[in-house]
Amino acid sequence: MQTAQEILQSVFGYESFRQPQSKIIETVIEGGDALVLMPTGGGKSLCYQIPALARDGCGIVISPLIALMEDQVSAMTQLGVRVNFLNSTQDPAAAQAVEKALLAGKLDLLYIAPERLTQGRCLALLKRADIALFAIDEAHCVSQWGHDFRADYLKLTLLHQHFPNIPRIALTATADARTRAEIIMRLDLSRARQFIAGFDRPNIRYRIALKDNPRTQLLRFLQDGHQQHAGIIYCMSRKKTEEIARWLQDQEFNALPYHAGLPTATRAHNQMRFLREEAVIIVATIAFGMGIDKPDVRFVAHMDMPKTVESYYQETGRAGRDGEPADAWMIYGLQDVIKLRQMMASSEGSEEHKRAEQHRLNAMLGLCEITTCRREALLNYFGEPQPQPCGNCDTCLEPIDTWDGTDAARKALSAVYRTEQRFGVNHLIDVLRGAENLKVLQFNHHRLPIHGVGRELNNKQWRSVFRQLVGRGYLNVDMEHFGALRLEEKCRPLLRGEEAIMLRRENTAKGARQQTKTALPSDIDITLWEALRDCRRELAEEQGVPPYVIFHDRSLKEMCGALPRNSTQFGQITGVGERKLKKYGEAFLQVIEKHFENTFGSAD
Ligand code: ADP
Ligand code: ZN
């Protein structure tokens, strides 16, 4: 039997395990159960793939997403692993062949959809086979409180009943304690060892800026470092995804829309292009993302604010699974808050539910408004305090300017009070700036003592003041009254002059400048890099697989740096296992050889 370390190197071409991987793998190889919590991109798959290879028999992986299953199977096949799947897309003959291979001991790994696994027929099949382990991927699907609940997952306790001696490993990226407890209870995992990895994604750079001119901001963001990159752009509405996608196409970007209202075929086609081609941008509603396992997504951009910090973290987490630098970029404005509150107010659900939603929205807004490290705030939110600022977010890279906003805030709050808490931001700013338009005159607001007391700030500055006051809970937006601002209890001391407030100074230009420069180190020869990418693209097209299934960017980058000249050297590159060495070594070595000839002239 090969050891876990040997398999890691020979099959996967990786040098060493990441933090909790080796302990988890050891536990499962020895026959123990495990519950694994790891952020997206943390490396969960290896935790069951390696034990499945190390133990006798076939590893059974329960996975809810058919598209993902197929991706995993094609990636593992590339590594020379004997792997297949059973799901509803297969015709009976193909399924039969897979079953036969399983019974003949010719499979290392088998992916099965949960609805299939829980059928009596399938259980009977498994009982006749030699099984190494059960891996339950996306284990949070058992949680009835989550968005991804799958009724079939509830039936998975029968694994333990029918196969008490076969180790089970449940995996998820969902953090909270309640979901974890539910997984343990519902999957009968009270004896399992728990492995909880840190939730930080250090390679993701977080940036949040104020909406100023959204399209220009987006364009600047893309042009400055993401010209040739795959990414996801989230928008709040379906209509907007289509508009932004069309507009980006006009700007020569390979952008495609994705939302639940598009015909199924269009959706599938766009998703396929995102996975198979390089540098495709998907402009999507939140309908896109679950089960997208593309490792080289270089950025996730939010054109509107998500509803909760949880969704923000999950969506941004789709960037940089390969561990290479990636950007999480977002722009937001008070209008987002108003729209989200509107949606919440009109949604069904109990008062308690609505209050909880408000609370979570406020936390999200709080993350936008903070003047300290974003990562610190994010990790704190998930109960994982960080000892120091991260150095890889906008506020760390360009510390925020603040100004004493006490006087302005007091004027803003008085304006709300004097107009009887019945008006929205625009009107309040008109009153403060001394406008005498129809609405002001109609309500006699030009007679109020606060009329015209705020001429020292312009319209934009006042919006910023109001937004921050809402963000920090001094004001609330009353959705039943068309977005009127209302005073909250918290504003009393400020109004009475007993408290001061520092506000952040907006500088919309700033946010856009701080780019993670292209993921390429400066000493890389671009011609060689492009040649290696062409080679990868050709191989991928020949086999109908995504380019990253052949090699990740990281491997190509290493080739550019190490310039291997023979197969021993080529085998040292990260991601080059025995199988890929044999299959692709020659093709890539030739590209490198040609590069040498072109650069230094041929020897003869
Ligand atoms: P998750 O399922 O947790 O989101 P994956 O299992 O897809 O993450 O792993 C993310 C990426 O990291 C994959 O490309 C995987 O091959 C790579 N990876 C995992 N473990 C290691 C390791 N020990 N060394 C190098 N790369 C690794
Ligand atoms: Zn930071």
Of the residues that sit in the range 150-183 and are polar (S, T, N, Q) and farther than 20 Å from THR40 by Cα, which one is surrounded by the most Cβ atoms within 10 Å (Cβ to Cβ)? THR157
The range 381-396 - residue that is surrounded by 15 or more Cβ atoms within 10 Å (Cβ to Cβ) and farther than 19 Å from GLU310 by Cα and, of those, farthest from ligand 2 (Cβ to nearest atom): ASP394
Any chance you could count how many residues in the range 325-383 are acidic (Asp, Glu) and more than 19 Å from MET303 (Cα to Cα)? 5
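Table: residues versus (1) in contact with a Cys (Cβ under 6 Å, 6 or more places away or on another chain); (2) under 23 Å from ASP296 (Cα atoms); (3) not charged (D, E, K, R).
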residue: THR527; (1), (2), (3): no, yes, yes
residue: ASP553; (1), (2), (3): no, yes, no
residue: GLU558; (1), (2), (3): no, yes, no
residue: VAL576; (1), (2), (3): no, yes, yes
residue: LYS582; (1), (2), (3): no, no, no
Scan the range 392-433 for residues that are at positive phi and out of contact with any strand residue (DSSP E or B) (no Cβ under 6 Å at 6 or more places or on another chain) and jot them down. GLU420
Scan the range 284-303 and tell me whether some residue there is touching a Cys at 6+ places or on another chain (Cβ under 7 Å) and more than 21 Å from ARG205 (Cβ to Cβ). yes
Note on LEU413: of the conditions (1) more than 16 Å from ligand 2 (Cβ to nearest atom); (2) within 30 Å of GLU315 (Cα to Cα), unmet is (2)
Yes or no: the range 4-18 includes at least one residue that is within 11 Å of ligand 1 (Cβ to nearest atom), closer than 24 Å to LEU126 by Cβ and under 25 Å from the mean Cα position of the chain (by Cα). no
Residues of the range 184-203 being buried (at least 19 other Cβ atoms within 10 Å of the Cβ), within 16 Å of ligand 1 (Cβ to nearest atom) and at pLDDT 90 or above, which ones? PHE195, ARG201
Out of all the residues in the range 364-386, is one or more touching a helix residue (DSSP H, G or I) at 6+ places or on another chain (Cβ under 7 Å), away from ligand 1 (no atom under 16 Å from the Cβ), hydroxyl-bearing (Ser, Thr, Tyr) and at pLDDT 90 or above? no
Considering only residues that are within 19 Å of ALA531 (Cα to Cα) and part of a loop (DSSP other than H, G, I, E, B), look in the range 563-573 and name the one that is nearest to ligand 1 (Cβ to nearest atom). ILE573
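Find the residue count for the range 341-357, including only residues that are under 22 Å from CYS235 (Cβ atoms) and either in contact (Cβ under 8 Å) with a residue 60 or more places away in the chain or not hydrophobic (A, V, I, L, M, F, W, C) (or both). Please lay out each step first, then the result.
Initial filter on the range 341-357 (under 22 Å from CYS235 (Cβ atoms)): 341-347, 357.
Next, from what is left, pick out any that are either in contact (Cβ under 8 Å) with a residue 60 or more places away in the chain or not hydrophobic (A, V, I, L, M, F, W, C) (or both): 341-342, 344-347, 357.
Selection size over the range 341-357: 7.
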One residue is enough: does the range 68-85 have a residue meeting the conditions free of Cβ contacts under 8 Å to residues at least 60 places away in the same chain, more than 10 Å from ligand 1 (Cβ to nearest atom) and of a type in the set (Lys, Arg)? yes
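Look through the range 358-394, keep the residues that are assigned to a helix (DSSP H, G or I) and free of Cβ contacts under 8 Å to residues at least 40 places away in the same chain, and return whichever of them is nearest to ASN203 (Cα to Cα). Reasoning before the result, please.
Keep residues of the range 358-394 that are assigned to a helix (DSSP H, G or I), which gives 358-369, 374-381, 394.
Adding the requirement that they be free of Cβ contacts under 8 Å to residues at least 40 places away in the same chain leaves 358-359, 376-377, 380.
Details: GLN358: 31, HIS359: 29, GLU376: 14, ALA377: 17, ASN380: 18 Å.
Once the filter is applied, the top-ranked residue is GLU376.
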Is it the case, given these coordinates, that GLY349 is on the phi > 0 side of the Ramachandran plot and within 16 Å of ligand 1 (Cβ to nearest atom)? no
The one condition GLU242 fails out of (1) loosely packed, with under 15 Cβ neighbours inside 10 Å; (2) modelled with pLDDT of 95 or more; (3) of a type in the set (Asp, Glu) is (1)
Can you find a residue in the range 46-60 that is in the same structural domain as ALA192 (by TED's automatic domain parsing), surrounded by fewer than 17 Cβ atoms within 10 Å (Cβ to Cβ) and part of a loop (DSSP other than H, G, I, E, B)? yes
Go through the residues of the range 290-303 one by one and say whether even a single one is modelled with pLDDT of 95 or more, outside the structural domain of ASP148 (by TED's automatic domain parsing) and among the small types (Gly, Ala, Ser). yes
Residue check, ASP336 away from ligand 1 (no atom under 16 Å from the Cβ) and under 29 Å from LEU222 (Cβ atoms): yes
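Would you point out the residue of the range 297-325, among those that are among the hydrophobic types (A, V, I, L, M, F, W, C) and assigned to a loop (DSSP other than H, G, I, E, B), that is nearest to ligand 2 (Cβ to nearest atom)? Don't jump to the end; show me each part of the working.
Step one: of the range 297-325, the residues among the hydrophobic types (A, V, I, L, M, F, W, C) are 297, 299-301, 303, 305, 309, 319.
Now restrict to residues that are assigned to a loop (DSSP other than H, G, I, E, B): 303, 305, 319.
Details: MET303: 23, MET305: 19, ALA319: 16 Å.
Filtering the range 297-325 for residues that are among the hydrophobic types (A, V, I, L, M, F, W, C) and assigned to a loop (DSSP other than H, G, I, E, B), the one nearest to ligand 2 (Cβ to nearest atom) comes out as ALA319.
Please indicate, with yes or no, whether at least one residue in the range 439-455 is closer than 25 Å to TYR332 by Cα and more than 16 Å from ligand 1 (Cβ to nearest atom). First the steps, then the outcome.
From the range 439-455, those closer than 25 Å to TYR332 by Cα are 454; that's our starting set.
Keeping just the survivors that are more than 16 Å from ligand 1 (Cβ to nearest atom) gives 454.
Checking the range 439-455: at least one residue is closer than 25 Å to TYR332 by Cα and more than 16 Å from ligand 1 (Cβ to nearest atom).
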Among the residues of the range 60-79, are any away from ligand 2 (no atom under 16 Å from the Cβ), over 23 Å from ILE292 (Cβ atoms) and among the small types (Gly, Ala, Ser)? no
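Being in contact (Cβ under 8 Å) with a residue 60 or more places away in the chain, hydrophobic (A, V, I, L, M, F, W, C) and within 30 Å of GLN543 (Cα to Cα) narrows it down to one of MET236, MET290, MET272, so name that one. So that I can check it myself, show each step before the final result.
On the way: MET236 fails: within 30 Å of GLN543 (Cα to Cα); MET272 fails: in contact (Cβ under 8 Å) with a residue 60 or more places away in the chain.
After ruling out the rest, the residue left standing is MET290.
Looking at the structure I just gave you, is ALA519 at pLDDT 90 or above and under 30 Å from CYS560 (Cα atoms)?
For ALA519, the condition - at pLDDT 90 or above and under 30 Å from CYS560 (Cα atoms) - is not met.
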Could you identify the single residue in LEU340, LEU365, LEU378 that is within 15 Å of ligand 2 (Cβ to nearest atom) and surrounded by 16 or more Cβ atoms within 10 Å (Cβ to Cβ)? LEU378
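Scan the range 40-56 and tell me whether some residue there is of a type in the set (Val, Ile, Thr) and more than 27 Å from LEU539 (Cα to Cα).
Within the range 40-56, one or more residues are of a type in the set (Val, Ile, Thr) and more than 27 Å from LEU539 (Cα to Cα).
The values are calculated or read from the model by the stated rules, or taken from the named source; none is laboratory data. This structure is a prediction, so every number in the text was calculated from the model and none was measured. When we count neighbours, we look across all protein chains shown, and the Cβ atoms used for this are built from the backbone with ideal geometry, even at glycine.
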